[in-house]
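Each value in this text was obtained by applying a stated rule to the coordinates, not by laboratory testing. What you see is a predicted model; the values in this text were computed from it and never measured. Positions of Cβ are generated from backbone atoms using ideal geometry, with glycine treated the same way; all protein chains shown enter the neighbour counts.
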Amino acid sequence: MQSFADRMNVQLTTSPDKKEAILHSTLHLIHQFGFHGTPMSRIAEEAQVAIGSIYHYFSSKDELIIELFKYTKRNTYQAMLEQDNEVLPYKTRFFNIWSNLVLYYIKFPAVMSFLDQFYSSPFAKIVLTSDTFCLQDEVARFLEIGIREKEIKDLDINILSSAFVGTVIATAKRHSYGHFIFDKARLNDMAGIIWDGIRRE
């Protein structure tokens, strides 16, 4: 059975759907050239569609970027929770979810790059609230379970989420830039460091 990441990889390269092709092309171009270096004309060329087709789905570039944010965030959530099972011990779930996110960002650096740019842009203030910033809506829900079950420290959820997501991104970047290769064992060691920092004594 294909993993979610493998299915996403196929979608990124062979999707026949015009709207999805536009989203994927925008993601690829923003990764390379940033928001300002990605005009609609370039997106149309990359997606191999008429520029009018883009405006059929999106009224403006701003709307396209916001829709791409929702699309990438949704896919990231699915990857994060792949093969998660609530019957597993919380610690096992923590290690799996943390590692899933790292591996997803390593496999799809364009997604990590886009989200990083989005959160640093004015778009974030338009779309996000204090309850949905970054991945904290999904991550926070998982961490809140750990607090309720007395598995992790009862700290402010923003602190816990920042520790979780921040280390995911730092680890994925270090691997992607070739500074250090994180195999399964090393990822497990890294997740253990995060776990030891927040687990309840």
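See the values below:
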| quantity | calculated |
| --- | --- |
| Segments 84-91, 112-119 sorted - mean Cβ within 10 Å per residue, highest first | 112-119, 84-91 |
| Charge dipole (debye, nearest 20) of region 112-201; +1 at Cβ of Lys and Arg, -1 at Cβ of Asp and Glu | 220 |
| Radius ratio Rg over Rh of the chain, counting only Cα atoms, Kirkwood formula for Rh | 1.00 |
| Dipole magnitude of the chain about its Cα centre (Cβ charges: Lys, Arg +1; Asp, Glu -1), debye to nearest 20 | 220 |
| Positive minus negative residues near Lys91 (Lys, Arg vs Asp, Glu; Cβ under 12 Å) | 0 |
| For region 90-192: rounded, prolate or oblate by the Cα gyration tensor [a/c cutoff 1.5] | oblate |
| The chain - mean residue ellipticity at 222 nm from DSSP helices (-39,500 (n - 2.57) per run, n ≥ 4, rounded to 500) | -22500 deg cm²/dmol |
| Hits among lysines - C-alpha to C-alpha of Lys107 under 24 Å, sequence gap 8 or more where chains match | Lys18, Lys19, Lys70, Lys73, Lys173, Lys184 |
| Amide H contacts of Ile152 (H built 1.01 Å from N, under 5 Å, at least 5 apart or other chain) | Ile147, Arg200 |
| Theoretical FRET efficiency, 1/(1+(r/R0)^6), r = Cβ-Cβ of Phe33 and Arg199, R0 41 Å, to 0.05 | 0.45 |
| Distance between modelled label sites at Ile126 and Asp17, nm, 7 Å Cα→Cβ extension | 2.2 |
| Summed side-chain charge close to His179 - residues other than His179 whose Cβ falls under 15 Å, Lys, Arg +1, Asp, Glu -1 | +2 |
| Environment charge at Thr38 (Cβ cut-off 13 Å; Lys +1, Arg +1, Asp -1, Glu -1) | -1 |
